[in-house]
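Engineer: Sending over a structure as structure tokens; questions will come in a sec.
None of the figures in this text is laboratory data; all of them are computed from the coordinates on show. None of these values were measured; they are calculated from a predicted model. Backbone-built Cβ (ideal geometry, glycine too); neighbour counts: all protein chains shown.
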Amino acid sequence: MIYTVAVDYSKCTGCSLCTIICPTGTLKLDTSNKKAYTTSNECDNAWGCITACNQNALEIVEAN
């Protein structure tokens, strides 16, 4: 199975820490609503973003 990261927008505060930690650039920050989002399924499964998120807004999900 291939996994990626999903963002819970109700919890995301737009701090951008996950986007800084993401080595593949899969996580980006939407400047219009100040929320993180995933751009593709190119996650390298390092999961640093998951542990760095103080809001618990990220979760591991099976990629499509």
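Engineer: Have a look at THR39, THR19, THR31 and tell me which one the Gaussian network model of the chain (Cα, springs below 10 Å) gives the largest fluctuation.
Structural biologist: Residue with maximal mean-square fluctuation among THR39, THR19, THR31: THR31.
Engineer: Within the chain, which cysteines find no other Cys whose Cβ is under 4.7 angstrom from their own?
Structural biologist: Flagged as lacking a Cys partner: CYS12, CYS15, CYS22, CYS43, CYS53.
Engineer: Using just the helices of the chain, give the 222 nm mean residue ellipticity in deg cm²/dmol: DSSP H runs with n ≥ 4 each add -39,500 (n - 2.57), and the total is spread over all residues, rounded to 500.
Structural biologist: -3000 deg cm²/dmol
Engineer: For the chain, which chymotrypsin sites (Phe, Trp or Tyr not before Pro) are both in a DSSP coil and crowded by at most 15 other Cβ atoms within 10 Å?
Structural biologist: Details: sites: TYR3, TYR9, TYR37, TRP47; in loops: TYR9, TRP47.
Those that pass, being in a loop and sparsely packed, are TYR9, TRP47.
Engineer: Okay, moving on. Taking neighbour counts of Cβ atoms within 10 Å as a proxy for exposure, in what order, fewest first, do SER16, SER10 appear?
Structural biologist: SER10, SER16
Engineer: Give a quick list of GluC sites (Glu not before Pro) in the chain that DSSP marks as loop, anything other than H, G, I, E or B, with at most 13 other Cβ atoms within 10 Å. Don't skip to the answer; put the middle values down first.
Structural biologist: On the way: sites: GLU42, GLU59, GLU62; in loops: GLU42.
Of the GluC sites (Glu not before Pro), the ones in loops of the chain whose Cβ has at most 13 other Cβ atoms within 10 Å are GLU42.
Engineer: Cα-based Rg (one decimal) and Dmax (whole number) for the chain, in Å?
Structural biologist: 10.5, 33
Engineer: Just need the relative contact order of the chain here, percent rounded to a whole number, with Cα pairs under 8 Å and 6+ apart.
Structural biologist: Numbers: 112 pairs, mean separation 30.7, N = 64.
Once divided by the residue count of the chain, the mean separation gives 48 percent.
Engineer: Taking the number of other C-beta atoms within 10 Å as the exposure measure, put ILE20, ILE50 in order starting with the fewest.
Structural biologist: In order of increasing Cβ crowding within 10 Å: ILE20, ILE50.
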